[in-house]
Amino acid sequence: MADDPATIEALLFDLDGVLYVGSQKIPGAVETLEFCQEQNLPFRFITNTSTRTLSAIAEKLNAMGIPIAPEMIFSAVSATRDFLFQQGSPSVHLLVRDEVKLEFAEFEQNSPDPDFVVVGDIGAAWDYEMLNGVFNELMNGAQLVAMHRNKYWLTDEGLQMDIGAFVAGLEYVCGKQATIIGKPSSQFFSLALNALGTDSDSTAIVGDDIENDIAGGNRNGLQSIMVKTGKYRQDVFDAANTNPDYLIDSIADLPALLRGVLYPTLRFAPGRLQFSVTGADTVFSHFRENCVGLIPRIGNLLFVRRSLSKKLP
Ligand SMILES: [Mg+2]
């Protein structure tokens, strides 16, 4: 039924870059969450953040004025813990910050010959000696687990390199593929969908990462809504081999999208068709600049099919 018109009955929100950047909440984030509550649209949060525990993520959000309970959040840290429990009681070498290590207290962490090397975010602590130690553990039979393999994200200081480069480097030298726990893994999306109790095709992911949020969501059968905040870059978006179902300026535009008051527009880029939405006030200038087709709203915009946004042959 994936190609049938579908409404959005539930939402998964990425956090970093969607609700906040650095230490600043994105304008309209709280109002949009309130709108979803008023509309009885269930939602959860799904994040690859590996620097904090769930309660610490919730604390950070609350400090920014975004009231979210820890049980609403699915993080790569909690999912990694679940994954390791499913493996029995393995020994682990954790490349995570000290506060996150506390989440893994049940596992043997000091084995010289660990069953799993678990890669999370350790900031600037990477060095040759550490990497070479991990390399030898992997060559001696340890399995490589990555909380995610994000490339970069946006901070108060600008773009910052994420752990994906280290995961890729370790894969390269040891000839093993890492098990990726966070987005875009199917198991991670399933965890959140199970909590929502909704089907993938009636649920939308809202994210700023074209690979992990949008391509990951599409691949797992969700509808996808990309925001132009956080790590969004026009050139990266144009070069990507995937399209969101909807492209909006920020989370502040989500209520309008869900109410169907934004207009879908089509534009051709080399080799592909892009589908985005714009407000009525800007639709005509947008059309003049880069649209070859315009679909006026007829009924609910959400009934527009994903096939509109598929890549051209
Ligand atoms: Mg993000």
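Remarks
- The listed residues are 164, 197, and the only one of them that is farther than 19 Å from residue 86 by Cβ and in the same structural domain as residue 26 (by TED's automatic domain parsing) turns out to be 197.
- Hits in segment 170-184 (condition: free of Cβ contacts under 8 Å to residues at least 12 places away in the same chain and not in a helix (DSSP H, G or I)): 175
- Only a single criterion out of (1) out of contact with any Leu (no Cβ under 8 Å at 6 or more places or on another chain); (2) outside any loop (DSSP other than H, G, I, E, B); (3) of a type in the set (A, V, I, L, M, F, W, C) is not satisfied by residue 124, namely (2).
- Taken as a whole, the structure places residue 66 among residues that are among the aliphatic types (A, V, I, L, M), assigned to a loop (DSSP other than H, G, I, E, B) and either modelled with pLDDT of 90 or more or surrounded by fewer than 18 Cβ atoms within 10 Å (Cβ to Cβ) (or both).
- Selection within segment 224-236 - β-branched (Val, Ile, Thr) and either within 11 Å of the ligand (Cβ to nearest atom) or within 16 Å of residue 10 (Cα to Cα) (or both): 225, 227, 229
- Scanning segment 208-223 for residues that are away from the ligand (no atom under 13 Å from the Cβ) and either out of contact with any Gly (no Cβ under 8 Å at 6 or more places or on another chain) or at pLDDT 95 or above (or both) returns 215, 218, 219, 220, 221, 222.
- Whenever a residue of segment 106-135 is more than 10 Å from residue 90 (Cα to Cα), its partners that are of a type in the set (Asp, Glu), lying with C-beta atoms within less than 6 angstrom and at least six residues away or across chains, give the pairs 117/137.
- A count restricted to segment 9-57 and to residues that are surrounded by fewer than 18 Cβ atoms within 10 Å (Cβ to Cβ) and within 14 Å of residue 154 (Cα to Cα) stands at 4.
- Residue satisfying all of: in segment 153-169; without any contact (Cβ under 8 Å) to a residue 40 or more places away in the chain and in contact with a Lys or Arg (Cβ under 9 Å, 6 or more places away or on another chain); surrounded by the most Cβ atoms within 10 Å (Cβ to Cβ) among these: 164
- Output for segment 50-74, where each listed residue is within 14 Å of the ligand (Cβ to nearest atom) and either more than 21 Å from residue 22 (Cα to Cα) or in contact (Cβ under 8 Å) with a residue 60 or more places away in the chain (or both): 50, 51, 74
- Segment 137-157, residues that are outside any loop (DSSP other than H, G, I, E, B) and within 16 Å of the ligand (Cβ to nearest atom): 152, 153, 154, 155
The values are calculated or read from the model by the stated rules, or taken from the named source; none is laboratory data. As the structure is a computational prediction, the values presented were derived from the model and not from experiment. All Cβ positions, glycine included, derive from the backbone under ideal geometry; neighbour counts span all protein chains shown.
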